[in-house]
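Only the coordinates and a few stated rules stand behind these numbers; no lab work does. This is a predicted model, so every value here is computed, not measured. No Cβ is skipped: glycine too gets one built from the backbone with ideal geometry, and neighbour counts run over all protein chains shown.
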Amino acid sequence: MDKTHLVDHITGHRRMRRNRKADWTRRLVQESRLTVDDLIWPIFLVPGSGIVDPIPAMPGVNRMSVDKAVEAVKEAADLGIPAIATFPNIALDLRDQTGSQILEANNLLNQATMAIKKAVANIGIITDVALDPFTDHGHDGILREGEIVNDETVDQVVRAAILQADAGSDIIAPSEMMDGRIGAIRRGLDAAGHQSVGIMSYATKFSSGYYGPYREAISTAGLLKGDKNSYYVSPANGTEAVRDAALDVEEGADMLMVKPGLPYLDICWRLKEAFSLPVFAYQVSGEYTQIKAAGMQGWIDEQRVMMESLLCFKRAGCDGILSYFAVEAARLLARA
Ligand code: PBG
């Protein structure tokens, strides 16, 4: 026993493994925890009734008609999920150059909000005001002579936000990345008497390939001409992303979001350090699909990677995560 090991010389009295030696020590020193309160569930809507339509590129995720969405959201609320985010697959013949359908008070998105609000009490509804589900070119803004026009888009987005709040939306989440939108939406909501409706800014939305399956889910993939590089942030730019978020904070955002999630954890951390605001990450469709696809092949342990990826957002400073895994994760957490 008096044999001297080489390692003694290196570690001395410092041994990290003492805190890792048993389940109880590991629980005692655990820094981050995922709970159901961290989860926001994004769902896809289609017109009609009785429809649960699987999305091929997102195994396990469905487009739902409003009646089916109400049932699913009830289940999410029963699991304790605090909020949902809704995305509509608008009928193609209702899409046009300016996305005018977003200004219909009774459009698919607002119908869903009204129905869910009526049927499910204890869940928040977050709605997006980007125009992409409503335009026939798949862009988030109004397209004029090859350009996505900023100020005209903002005017429309503000009107859409007021209609969404009228329908019962609790938080407006503008994802279209136009300049000045947060301040304009805040003023619009306040003027319309919606002072308590919050704004979760997609503060830093990157121009990303990870959105592919989502574009299939809401049928914008075939429509989109060109790319969104003139309004989304370049994946190369972190400091620019922080500056963009700073403007949203100044303009009155209540919460910030980073999108996509896992490849951008550095941005989550930087925003959390820079601002005293809740920060959320959107684990987007492509991130979901990567985990699902590899899991279905048996190449990774899908449940384990799902829970690990969600926990890592917490470690990176996020207050919560928008994830297509929300219901699955909530079920697992309930069982644990
Ligand atoms: C556009 C929008 C996107 C997503 C939600 N709203 C990106 C895009 O199509 O450019 C992506 C969500 C996901 O990939 O899960 N306003």
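Using the Cα centre of the chain as the reference point, and only Cβ charges (+1 on K/R, -1 on D/E), how large is the resulting charge dipole? Debye, rounded to the nearest 20. Numbers along the way, then the final one.
Details: 35 positive and 44 negative charges, 370 e Å.
The calculated dipole for the chain is roughly 1780 debye.
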Simple spin-label estimate for GLU147/THR25, 7 Å along Cα→Cβ, in nm, reads 6.4
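How would you rank 279-285, 330-336, 40-46, highest first, on the average number of other Cβ atoms within 10 Å across their residues? Present the calculation step by step, with values, prior to reporting the outcome.
Details: 279-285: 26.3, 330-336: 13.3, 40-46: 23.6.
With the highest mean Cβ count within 10 Å placed first, the list reads 279-285, 40-46, 330-336.
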Looking at SER285, LEU108, ILE148, which one has the Cα that reaches farthest to the positive end of the dipole of the chain (charges on Cβ: Lys, Arg +1; Asp, Glu -1)?
SER285
Hey, how many Å between the Cα centroid of segment 189-233 and the Cα centroid of segment 25-59?
19
What number comes out for the charge environment of GLU328, summing +1 per Lys or Arg and -1 per Asp or Glu over other residues with Cβ under 13 Å away?
+2
If one takes the longest principal axis of the Cα atoms in the chain, at what angle in degrees, from 0 to 90 and to the nearest 10, does the Cα axis of helix 265-274 lie?
80
Just tell me the longest site-free run in the chain, where the sites are GluC sites (Glu not before Pro) in a DSSP loop having at most 16 other beta-carbon atoms within 10 Å.
146-336
If you take the C-alpha gyration tensor of segment 263-336, multiply each eigenvalue by 5 and take the square root, what semi-axes do you get, largest first, in whole Å?
24, 14, 9
Rounded to two decimal places and with Rh computed the Kirkwood way over Cα pairs, what is Rg over Rh for the chain?
1.03
Show me, for segment 143-158, the HN-Hα J-couplings you get by feeding each phi into the Karplus relation (A = 6.51, B = -1.76, C = 1.60, θ = phi - 60°), rounded to Hz, glycine and proline as x.
9, 10, 6, x, 10, 7, 7, 6, 6, 5, 4, 4, 4, 5, 4, 5
Find the centroid of the Cα atoms in segment 99-136 and in segment 234-249, then give the distance between the two in whole Å.
28
Whole-Hz Karplus ³J(HN,Hα) for segment 238-250, in order, using 6.51 cos²θ - 1.76 cosθ + 1.60 and θ = phi - 60°, x for Gly and Pro?
x, 5, 4, 5, 5, 5, 4, 5, 4, 5, 5, 5, 4
Can you list residues whose amide H is under 5 Å from ALA221's amide H, if they're 5+ apart or on another chain and H is modeled 1.01 Å from N?
GLU216
5 angstrom amide H check on LEU322, placed H, neighbours 5+ away
ILE40, ALA281, TYR282, GLN283
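Rg to Rh ratio, segment 94-196, alpha-carbon atoms and Kirkwood radius?
Numbers: Rg = 13.4 Å, Rh = 13.7 Å.
Taking Rh as the inverse mean 1/r over Cα pairs, Rg/Rh reads 0.97.
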Please list 3J(HN,Hα) in residue order for segment 253-263, calculated via the Karplus relation 6.51 cos²θ - 1.76 cosθ + 1.60 where θ = phi - 60°; whole Hz, with x for glycine and proline.
5, 8, 8, 10, 10, 10, 8, x, x, 4, x
What does the helix-only formula give at 222 nm for the chain: each DSSP H stretch with n ≥ 4 adding -39500 (n - 2.57), the total divided by the residues, and the result rounded to the nearest 500 deg cm²/dmol?
-12000 deg cm²/dmol
Out of residues 5 or more away from THR204 or on other chains, whose amide H comes under 5 Å of its own, with H placed 1.01 Å from N in the peptide plane?
MET257, LYS259
Is segment 170-277 best put as rounded, prolate or oblate by its Cα gyration tensor, with a ≥ b ≥ c the root eigenvalues, rounded for a/c under 1.5, and otherwise prolate when a/b is larger than b/c, oblate when not?
oblate
